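Scroll down for the structure; my scribbles are underneath it.
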């Protein structure tokens, strides 16, 4: 998704600018080097594995072409030799004379030349072993793909945005990567550069959707943009599917999708670690915590590695010391920040259905601002922003509060 000629004012010094919404940002904002940001050692191995897999893919394709050409040449030369052997030189001389005058010595020379060609093809098979090299490259592709998938699962495992960045995990990934790399052939600088170009070409071929600036600030278009970003995250989709499988009345809290949108607007290539996966529902008939716990247990059985947090909004008014909420939308409207005050679930067609009392304007503008009920409690929002390090993780965010 690309929006042309649309920029937000730069909030920092310097000439840097970026597209407000773009599947491929015009200039990628470098993630800050803070604890929790997933530009990490383990992600470096994901990039290395992806690049090495592309190198092996290029080699396998090249060896496949060479091996196919050798096999065709072997079959063709062997067939001609067999034909000449059964026919004899005298008949071959006669056959050739139909097209061009040739002596018996010429036919014999042709026969010897074909024998020599067959010998050369056989030697090439034995010396260079392109078939074995092709097989080795294809095995390397399979091993590297498995490693890359495992690293991706570590980064965003089954709906959980929390990365396990312990030394033991990094050492395990490094050991596996080195074990695979040791069994692969050496690569030249030329092969390395070609692989990087090929990966860049694949990235540039992603489909794009052009949206005009006028459409961007339309509520339906904003919902479409947020939905597209959410559906592009395997973690969010896993969570939404698990919720729908458990109970159609369950919603995914806006924090998980909010982080994905902020990541996208900053040009981050991987998700930023989040907190719990918040699950929201409204059931005034059963406000006991045990009901929420039963839902959490069910969700954990579907997605074990996610840190599920289930809250019935019908009882949260007592926790927040407020009058009872009349509906899930009423409860959401009393959340602190407009950028977080929404929930989502999958409808029967597999599309995302939102409940967003304040829309997505502030979310897409990278604004942290209060909802009306928190106009006199902005210290809560300021404290949340500091504790969660929002502006360190996403430096383009702006904190806009009534007291500022």
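The values are calculated or read from the model by the stated rules, or taken from the named source; none is laboratory data. Note that the structure is a prediction, hence the values are computed from the model and not measured. As a convention, Cβ positions derive from the backbone with ideal geometry for all residues, glycine included, and neighbour counts pool all protein chains shown.
I want to confirm something. Restricting to region 291-315 and keeping residues that are part of a helix (DSSP H, G or I) and touching a helix residue (DSSP H, G or I) at 6+ places or on another chain (Cβ under 7 Å), which single residue is nearest to residue 243 (Cα to Cα)?
Out of the qualifying residues, it is 299.
Within region 75-107, how many residues are surrounded by 13 or more Cβ atoms within 10 Å (Cβ to Cβ) and in a loop (DSSP other than H, G, I, E, B)?
1
Does region 316-330 include one or more residues that are buried (at least 21 other Cβ atoms within 10 Å of the Cβ) and touching a helix residue (DSSP H, G or I) at 6+ places or on another chain (Cβ under 7 Å)?
Within region 316-330 (the criterion being buried (at least 21 other Cβ atoms within 10 Å of the Cβ) and touching a helix residue (DSSP H, G or I) at 6+ places or on another chain (Cβ under 7 Å)), the answer is no, since none of the residues qualifies.
Given (1) buried (at least 20 other Cβ atoms within 10 Å of the Cβ); (2) in a loop (DSSP other than H, G, I, E, B), identify the lone condition not met by residue 283.
All conditions are met except number (1).
Scan region 375-386 residue by residue and report those that are in contact with a helix residue (DSSP H, G or I) (Cβ under 8 Å, 6 or more places away or on another chain) and without any contact (Cβ under 8 Å) to a residue 40 or more places away in the chain.
385, the sole residue that qualifies.
State the number of residues belonging to region 367-396 that are surrounded by 20 or more Cβ atoms within 10 Å (Cβ to Cβ), under 24 Å from the mean Cα position of the chain (by Cα) and part of a loop (DSSP other than H, G, I, E, B).
1
Please name all residue pairs, on different chains or six or more residues apart, with Cβ atoms under 8 Å, provided the first residue is in region 214-234 and is in the same structural domain as residue 254 (by the TED database) and surrounded by fewer than 15 Cβ atoms within 10 Å (Cβ to Cβ) and the second residue is modelled with pLDDT of 90 or more and not in a helix (DSSP H, G or I).
219/359; 219/360
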